[in-house]
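Before any comments, here is the structure.
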Amino acid sequence: MHKSIQTVVQIGFSVLFVILIFQGTIQLWMGIFAISLLMSLVFSRFYCGYLCPINTVMKPITFIKKKLKLQGIAVPSFLRHPSVRYIALGITASIFIFSIISGQQIPVLPLLVLIGALVTILTNESLFHRAFCPYGALLKQTSKRPRYRIVINEDQCINCGKCAKVCPSNAISRHETFHRIDSSECLTCHKCVRICPVQTIAYHSI
């Protein structure tokens, strides 16, 4: 999908997210995510690349940091442990359940947007995607082998590494003669597709 179309979709769903907050019906967003979660079994993590308001907020922050050449603080090694994202998922789920049982309106989703922005400012957006995002913990499981995904043609890959440098979730790994994308971590943002100098990366069916 063309970048301008993707941007319009992202802004549109972010506006919808804000409207739901002000209308006091933000719980409806969970319906959008639930549908996206099921569809990710076929279409991979398009929710992250097109619909997620957290990701939409983090993108301009990353852009500004790069323009100003700002460096984030070092990330503690324990935060890179795979279990951290599931702890974040458990905490988020517990807060949701408490909110339902107690009847108290806890702004969990707006808080996640704020956390995503702060993490991106202080460190980098990949830390939020791989450690703190409860959505990502679920989407990682449903997007392991989707029918449609972004893939690198390993036979044509020149191993330049440009795709790995722009990947916001560190989903691309380098091998001896090619790079490979972990579809369970790929946000389907298409940054790698656009930067590939030999156009060997594409979103298609497997």
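Yes or no, residue by residue, for (1) charged (D, E, K, R); (2) part of a loop (DSSP other than H, G, I, E, B):
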position: Lys140; (1), (2): yes, no
position: Glu154; (1), (2): yes, yes
position: Thr177; (1), (2): no, yes
position: Glu185; (1), (2): yes, yes
>> Quick check on segment 197-205. Is at least one of its residues closer than 25 Å to Phe63 by Cβ, surrounded by fewer than 21 Cβ atoms within 10 Å (Cβ to Cβ) and touching a Phe, Trp or Tyr at 6+ places or on another chain (Cβ under 7 Å)?
In response: yes
> Mind checking which pairs have a first residue in segment 117-141 that is under 14 Å from Asn170 (Cα atoms) and a second that is among the small types (Gly, Ala, Ser) and assigned to a helix (DSSP H, G or I), Cβ under 8 Å, 6 or more apart or different chains?
Replying inline: Glu125/Gly116; Phe128/Gly116; His129/Gly136; Arg130/Gly136; Ala131/Ala88
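For every residue, the table says whether it meets (1) among the hydrophobic types (A, V, I, L, M, F, W, C); (2) at pLDDT below 95; (3) within 27 Å of Thr123 (Cα to Cα).
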residue	(1), (2), (3)
Leu41	yes, no, no
Arg45	no, no, yes
Lys67	no, yes, yes
Ala74	yes, yes, yes
Ile101	yes, yes, no
Gln104	no, yes, no
Pro107	no, yes, yes
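Which is within 28 Å of Ile64 (Cα to Cα) and touching a Gly at 6+ places or on another chain (Cβ under 7 Å), of Phe132, Phe128?
On the way: Phe132 fails: touching a Gly at 6+ places or on another chain (Cβ under 7 Å).
Going through Phe132, Phe128 in turn, just one is within 28 Å of Ile64 (Cα to Cα) and touching a Gly at 6+ places or on another chain (Cβ under 7 Å): Phe128.
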>> Could you check segment 187-206 and list, in sequence order, the residues that are part of a loop (DSSP other than H, G, I, E, B), within 22 Å of His129 (Cβ to Cβ) and either of a type outside the set (Val, Ile, Thr) or more than 19 Å from the chain's Cα centre (by Cα) (or both)?
In response: Leu187, Cys189, His190, Cys196
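Rundown of residues vs (1) touching a His at 6+ places or on another chain (Cβ under 8 Å); (2) of a type outside the set (Phe, Trp, Tyr); (3) buried (at least 21 other Cβ atoms within 10 Å of the Cβ), yes/no style:
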residue: Thr123; (1), (2), (3): no, yes, no
residue: Thr142; (1), (2), (3): no, yes, no
residue: Tyr148; (1), (2), (3): yes, no, no
residue: Ala164; (1), (2), (3): yes, yes, no
> Tell me, which residue of segment 76-92 that is over 18 Å from the mean Cα position of the chain (by Cα) and in a helix (DSSP H, G or I) is farthest from Pro134 (Cα to Cα)?
Replying inline: Ser77
> From Ile54, Ile95, Ile61, Ile73, which residue is β-branched (Val, Ile, Thr), in a loop (DSSP other than H, G, I, E, B) and either in contact (Cβ under 8 Å) with a residue 12 or more places away in the chain or in contact with a strand residue (DSSP E or B) (Cβ under 9 Å, 6 or more places away or on another chain) (or both)?
Replying inline: Ile73
>> Would you confirm, using the coordinates I've provided, whether Val108 is out of contact with any strand residue (DSSP E or B) (no Cβ under 8 Å at 6 or more places or on another chain) and under 24 Å from Ile61 (Cβ atoms)?
In response: yes
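The values are calculated or read from the model by the stated rules, or taken from the named source; none is laboratory data. Quick caveat: nothing in here was measured; it's all calculated off a predicted structure. All Cβ positions, even for glycine, are placed from backbone atoms using ideal geometry, and neighbour counts span all protein chains on display.
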